[in-house]
Amino acid sequence: MSTPIHPQAASSAGGKFALRRILVVDDEPLILLIVAGFLQDSIAECVEAESAEEALRHFQPGAFDLVITDKTMPGMDGLQLTREIKKRHPSQRVLLISGMQSQTVLPPPAEGGPDAFLAKPFTRSEILECLAQIVRTS
């Protein structure tokens, strides 16, 4: 059973939207465990993937309310993954996370870019606020 991610997010979305299923992608097992574990405990069911290629095997249009992906990964990186996901499902919401403190120039969501960017390390309240912003703007 899912609950809204944040009281403000639920009210700003008319109480109609809750994140129920999230695909979390990170090549660092500890980061994947922490992010997915926190989200699963407090927000939604999470499916974990340790690479972009694994994430694409899990991804089906409409199967996830949100994809959270690390930007820097071996092989296909998070921005390439975001583009591929948006190509398959243009309205899919994607949060790109990165250990790089400065945000590189990212394409807008309509051009295959992420819906939001969050620099690592981040706190629980920072990721909750970022997710609430994604919900408010969707």
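Read the figures in this text as sums done on the coordinates, not as results from a lab. For clarity, every value in this text was computed on a predicted model and none was experimentally measured. Virtual Cβ from ideal backbone geometry, glycine too; neighbours counted across all protein chains shown.
Net charge in the neighbourhood of P109 (other residues with Cβ under 9 Å of its Cβ; Lys, Arg +1, Asp, Glu -1) is 0. Site pair K120 and S138 shows an inter-label distance of 2.2 nm when each label is modelled 7 Å from Cα along Cα→Cβ. Placing unit charges on the Cβ atoms of the charged side chains and taking the dipole of segment 7-137 about its Cα centre, the candidate lying farthest along the positive direction among G112, T137, G99 is T137.
Each residue, D41 and V105, gets one label point 7 Å from its Cα in the Cβ direction; the gap between the two is 4.1 nm.
Here the gap between E54 and T72, fully extended at 0.36 nm per residue and compared with their Cα-Cα distance, gives a gain of 5.0 nm.
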